[in-house]
Amino acid sequence: MTAYIIRRLLYTIPIVFGVMLVTFVLFNVVQGDVTDLIAGKAASVETREEIRAEYGWDKPLFLSWDSQFVNHLKNSATFNFGRSWSDREPIIEKIKRGAGPSLSLTVPMFLGTLVVSISLALLVAFVRGTIGDVVVVLVCVAGMSIPFLSFILFGQYFLGFKWGLFPVYFWPDLSTPQYVALPVLIGIAAGLGGNLRFYRTVMLDEIRSDYVRTAFAKGLTARRVLFKHVLKNAMIPIITQVVLAIPFLFLGSLLLERFFGIPGLGYLMIDAIGARDFQVISAMTYIGAILFVVFNLITDVCYSLVDPRITFD
Amino acid sequence: MRFFGVVIAALVVFIAGCDNSRPTSDSNEVVTYSAYAAKVRGLDPGDIGDTTSSAVASQIFECLYQYHYLKRPYELIPQLAEDMPQVSEDGLRYTIKIKKGVYFADDRCFEGGKGRELKAGDFVFAWKRIANIKYLSKNWWIFDNRIVGLDEFREYTKTVKKGEEVDYSRVMEGLQTPDDNTLVINLKKPLPQIVYLLAHLPTAAIAKEAVDYYGKDIINHPVGTGPFKLKVWHRGSYIELVKNPGFRAEYYPSQGAPSDVEKGYLADAGKRIPMIDRVLMVLVQEDPPRWFLFLQGKIDASGIPKDNFNEAIDQKGVLTAEMRERNINLLVFRDPSTYWLGFNMEDEVLGRNKPLRQAISSAVDREKYIHLFTNDRGEVAYGFIPPLMKDYDPGIRDFAPTGYDPEKARRLVKEAEKVHGGKLPRLTLSLAGTDAVARQQGDFYKRCFREAGLDIEIDYMDWPTFQNRIKSKSAQIFQLGWIADYPDAENFLQLFYSKNASPGPNNFNYSNPEFDRIYERASIMPDSAERIELYRRAERIVVEDCPAVFLLHGVAYVLQHDWIFNYKPHAFGYGLTKYRRIDSVRRSSYKELLRGIK
């Protein structure tokens, strides 16, 4: 297994290199020069040149040991992302500061969605073919068809503003549970459709298995069969879904954070895109790529833990 | 089931663990709450270039001069200066006495943490710092080629490897401090507008101790002489300012415009300011939550989002019953802004074809544009000097040879074809923005051009590309605008001065020797009837040459709750929170009012 892990970790290098190359090309070759945005109005040519020198944009893009891309790789390898050009704050500080608020939103949202969707999936799989099952599937499809932004606007207007059940937005006097409650609820509601349908399909595959019929024949209760046996055997697809979602928790939720004023990494990302702050976008993409590759590996390792038939020889 | 138990327990523990709530304020404190729509980039005045950062930093930092809060037309009065400057006869030497007894706010950058007294040298340091090319300030344009020796100082900074190694003690003829309370500025050429620039936030006094102590993190640690000091800046979330206990005795103005008594703006005359203990500003970048927060009474004032305009303002242009029921007041005031479709006068097709430019000017339906894209929050522009400026020419409307007239546009297009020597090629309009509104604007222009018989292609692009296109003179027609930095029309006239052609601020690359002569003469004249006359002549020359389709002048709509007082609109002033007054009892009763409405 150790050899497998080492091999997989080595695969990380070309993958992350590819991601960095693509983002670098997108923001340095395709998008325009942002020097004027930094220089302000009526900036002289010499000021622009000085800015370009300060940020290393006067160097060749590739094909040199001192090129922008090589320097970008070197800095990323040491997590020295430099300062954001839009506000001159160290990027690593931004990322550290944003991780907490993002996780305070995404972790409860993720866990809530997981618990509710798996529980409901087990139930609807158990009553498959009934009116209840059909209604749930229809609601799921409808939920998947509604844009995420509509969930946000609807929730914010009715649950926050109109009915006053939740704060409509972050406010300094509020505690974290108070101001994340509504976005978490919205996130769960919006994510339920897709997740519930996926887990229902997984559970249906399992529920039709011989061992389930055997368990019922032996006289086990439905609760014991579903939660003890079916759930355990359905773990492979669940693990795939769950573990691969974890990296995205660190990256936050772009829309929810912006609409509810949660100063997390999603908000940071959307702001950086708006400001063409390539350094910030690149740093976030780099971290996202590493997390994704690492959690992919963890998923594979978890397979062997829940299913002894899987080995890495 | 154990799995779910673990998940739920983890959820509860996680959320509880994330509790970073802040204590609520002392109930006796007077607090003003506001929302800002763009991120604060930094609180270092020397490098501030955006309005949000300026709005915050101007509560903390002060300049030599400030605008009188109430008087109109806008009038400068001393802020950290003792009096208005003494100007030598040749207009080159400005001697300014600095107020005594002004102290920087207490901060650990000072010895013993106690703020020291302000000196004339603090201005010299701040301005030399802007000149330091390694500092990369956005605000060098303020001093560029204006003060004797400052450009040479900038040259010197090019020879230094790092910004921190710059020797700020180098003596300079243009900026002298005979004593700690006297500042002498020697100009290269007369510049009457310099007093306005000395009221501009980037010229605020900076303590060298703070810059040395905090280094690059000075953007997070503003240390000023102003009425408030920074308590919390949760980046990307909110800012909290508290009253600076060491702020000198300053009082609410006792004089104002004639209608100020009636409007209640003089009710607090002579009272010591600031009248507010705490300022809380929350970043809200999306319109819906900002609107909800305002209607809930969480924030004291708000603009009107485009999508909520009909909810707030009725067909007659007054507040709707829903707003009146909430005791919300409406303020409508002019912006010192002008927006236009600019022509690149160096373009082969447009530059030599005045009938073509005039045809385009006649083809654009300005009123329709204002209605569609600003909810009627604008006035049709006939020239470039906004009506708010005292130099505005009321006769420009009748003088302007072009207005929306599709028939005339078609006639002019025929004339333009003769000038061009055949059928006109397809024109290209560059628009900054790729969103839905930009596309709608593009469609609007396409229709206007088509009606005149012109073929137009819309080129949508992001802002940096758009700027590069203009700076490199490769845009043919472009949509842009200008908001005045100070209440002097010279600020608009410089946009048409031939020596300011791209990459300078003259994006039109417009050149007219007669205009240049008038500009060169008027821009160094002190304010007078003769100068106003020259400004107006210059504007008419430009309007006649038609290097742009002047579209509109902005009009702002602001809603305010009835518990905030002294909220007089000001087109140029920043740092006005010190004048505000809050009636906390009225604010508290708003919740009752809302319950009644529900």
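Against the definition (within 13 Å of chain A (Cβ to nearest Cβ), outside any loop (DSSP other than H, G, I, E, B) and modelled with pLDDT under 95), how does B:Ser21 come out, yes or no? Steps first, answer last, please.
Working: within 13 Å of chain A (Cβ to nearest Cβ): yes; outside any loop (DSSP other than H, G, I, E, B): no; modelled with pLDDT under 95: yes.
Answer is no for this residue.
With the requirement that a residue be at pLDDT below 95 and not in a helix (DSSP H, G or I), what does the range B:522-553 give you?
Those that are at pLDDT below 95 and not in a helix (DSSP H, G or I): B:Ser523, B:Ile524, B:Met525, B:Pro526, B:Asp527, B:Ser528.
One line per residue, one yes/no per condition, for (1) under 21 Å from A:Val306 (Cα atoms); (2) surrounded by fewer than 20 Cβ atoms within 10 Å (Cβ to Cβ); (3) modelled with pLDDT of 90 or more:
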site: A:Gly194; (1), (2), (3): no, yes, yes
site: A:Arg200; (1), (2), (3): yes, no, yes
site: A:Arg208; (1), (2), (3): yes, yes, no
site: A:Val225; (1), (2), (3): yes, no, no
site: A:Lys228; (1), (2), (3): yes, yes, no
site: A:Pro237; (1), (2), (3): yes, yes, no
site: A:Val242; (1), (2), (3): yes, yes, no
site: A:Phe250; (1), (2), (3): no, no, no
site: A:Glu257; (1), (2), (3): no, no, yes
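It is to be established whether one or more residues within the range A:282-299 are crowded, with 22+ Cβ neighbours inside 10 Å, in contact with a Gly (Cβ under 9 Å, 6 or more places away or on another chain) and assigned to a helix (DSSP H, G or I).
Checked against the condition, which is being crowded, with 22+ Cβ neighbours inside 10 Å, in contact with a Gly (Cβ under 9 Å, 6 or more places away or on another chain) and assigned to a helix (DSSP H, G or I), the range A:282-299 yields at least one hit.
Restricting to the range B:42-61, name every residue that is free of Cβ contacts under 8 Å to residues at least 60 places away in the same chain and either buried (at least 23 other Cβ atoms within 10 Å of the Cβ) or over 16 Å from B:Ile299 (Cβ atoms) (or both).
Going through the range B:42-61, the residues free of Cβ contacts under 8 Å to residues at least 60 places away in the same chain turn out to be B:50-53.
Matches in the range B:42-61: B:Asp50, B:Thr51, B:Ser53.
Output the residues belonging to the range B:202-235 that are within 11 Å of chain A (Cβ to nearest Cβ), among the aliphatic types (A, V, I, L, M) and in a helix (DSSP H, G or I).
B:Ile218, B:Ile219
Suppose we keep only residues that are in a strand (DSSP E or B), of a type outside the set (Asp, Glu) and in contact (Cβ under 8 Å) with a residue 40 or more places away in the chain within the range B:236-279. Which one would you say is nearest to the other protein chains (Cβ to nearest Cβ)? If you could, list the steps in order and put the result at the bottom.
Pass one, the range B:236-279, residues in a strand (DSSP E or B): B:238-243, B:250-251, B:272-273, B:278-279.
Narrowing the set further to residues that are of a type outside the set (Asp, Glu) leaves B:238-239, B:241-243, B:251, B:272-273, B:278-279.
Among the residues that remain, those that are also in contact (Cβ under 8 Å) with a residue 40 or more places away in the chain are: B:238-239, B:241, B:273, B:278-279.
Details: B:Tyr238: 5, B:Ile239: 10, B:Leu241: 13, B:Ile273: 25, B:Arg278: 11, B:Val279: 12 Å.
It comes out as B:Tyr238.
Of everything in the range B:474-521 that's among the aromatic types (Phe, Trp, Tyr) and not in a loop (DSSP other than H, G, I, E, B), which residue is nearest to B:Ala438 (Cα to Cα)?
B:Phe478
Going by what's in this entry, would B:Pro190 be described as assigned to a strand (DSSP E or B) and more than 12 Å from chain A (Cβ to nearest Cβ)?
Numbers: assigned to a strand (DSSP E or B): no; more than 12 Å from chain A (Cβ to nearest Cβ): yes.
Answer is no for this residue.
Only one of these conditions is not met by B:Ala199: (1) more than 20 Å from B:Thr577 (Cα to Cα); (2) aliphatic (A, V, I, L, M); (3) modelled with pLDDT of 95 or more; (4) in a loop (DSSP other than H, G, I, E, B). Which number is it?
Among (1) more than 20 Å from B:Thr577 (Cα to Cα); (2) aliphatic (A, V, I, L, M); (3) modelled with pLDDT of 95 or more; (4) in a loop (DSSP other than H, G, I, E, B), the lone unmet condition for B:Ala199 is (1).
Working only within the range B:541-556, note down all residues that are surrounded by 18 or more Cβ atoms within 10 Å (Cβ to Cβ) and not β-branched (Val, Ile, Thr).
Passing the criteria: B:Asp545, B:Cys546, B:Pro547, B:Ala548, B:Phe550, B:Leu551, B:Leu552, B:His553, B:Gly554.
If I ask for residues that are within 12 Å of chain A (Cβ to nearest Cβ) and outside any helix (DSSP H, G or I), which ones from the range B:161-179 would you list?
Of the range B:161-179, the ones within 12 Å of chain A (Cβ to nearest Cβ) are B:161-163.
Scanning the range B:161-179 gives B:Lys161, B:Lys162.
Kindly indicate whether any position in the range B:129-147 is under 28 Å from the mean Cα position of the chain (by Cα), surrounded by fewer than 18 Cβ atoms within 10 Å (Cβ to Cβ) and either of a type in the set (S, T, N, Q) or at positive phi (or both).
There is at least one residue in the range B:129-147 that is under 28 Å from the mean Cα position of the chain (by Cα), surrounded by fewer than 18 Cβ atoms within 10 Å (Cβ to Cβ) and either of a type in the set (S, T, N, Q) or at positive phi (or both).
Please specify each residue of the range B:280-319 satisfying the condition of being part of a helix (DSSP H, G or I), within 11 Å of another protein chain (Cβ to nearest Cβ) and at pLDDT 90 or above.
Within the range B:280-319, B:Asp287, B:Pro288, B:Pro289, B:Arg290, B:Trp291, B:Phe292, B:Leu293, B:Phe294, B:Leu295 meet the criteria.
Would you mind listing the helices (runs of 4 or more DSSP H) fully within the range A:1-120 where at least 3 residues are buried (at least 19 other Cβ atoms within 10 Å of the Cβ) and within 11 Å of chain B (Cβ to nearest Cβ)? I'd like the intermediate steps shown before the answer.
Working: elements: A:2-25, A:35-39, A:45-54, A:68-77.
Helices (runs of 4 or more DSSP H) meeting the threshold: A:35-39, A:45-54.
What tally of residues in the range B:464-486 results from selecting those that are more than 9 Å from B:Ser430 (Cα to Cα), in contact with a helix residue (DSSP H, G or I) (Cβ under 7 Å, 6 or more places away or on another chain) and not polar (S, T, N, Q)?
6
Tally time: how many residues in the range B:333-362 are of a type in the set (A, V, I, L, M, F, W, C), outside any loop (DSSP other than H, G, I, E, B) and at pLDDT 95 or above? First the steps, then the outcome.
Let us first name the residues in the range B:333-362 that are of a type in the set (A, V, I, L, M, F, W, C), namely B:333, B:340-341, B:343, B:345, B:349-350, B:356, B:359-360.
In the following step, the residues that additionally are outside any loop (DSSP other than H, G, I, E, B) were identified as B:333, B:340-341, B:343, B:356, B:359-360.
Checking the rest, the ones that are also at pLDDT 95 or above come to B:340-341, B:343, B:356, B:359-360.
Of the residues in that region, 6 qualify.
Any idea how many residues of the range A:259-271 are modelled with pLDDT of 85 or more and more than 16 Å from the chain's Cα centre (by Cα)?
3
Whether any residue in the range B:404-421 is at negative phi, touching a strand residue (DSSP E or B) at 6+ places or on another chain (Cβ under 8 Å) and in a loop (DSSP other than H, G, I, E, B) is what I want to check. Steps first, answer last, please.
Taking the range B:404-421 as the starting set, the residues that turn out to be at negative phi are B:404-420.
Add one more test, that the residue is touching a strand residue (DSSP E or B) at 6+ places or on another chain (Cβ under 8 Å), and what stays is none.
Among the residues of the range B:404-421, not one is at negative phi, touching a strand residue (DSSP E or B) at 6+ places or on another chain (Cβ under 8 Å) and in a loop (DSSP other than H, G, I, E, B), which makes the answer no.
The values are calculated or read from the model by the stated rules, or taken from the named source; none is laboratory data. Model, not experiment: these values are computed from the prediction. Here the Cβ is made from the backbone with ideal geometry for all residues, glycine too, and neighbour counts use every protein chain on show.
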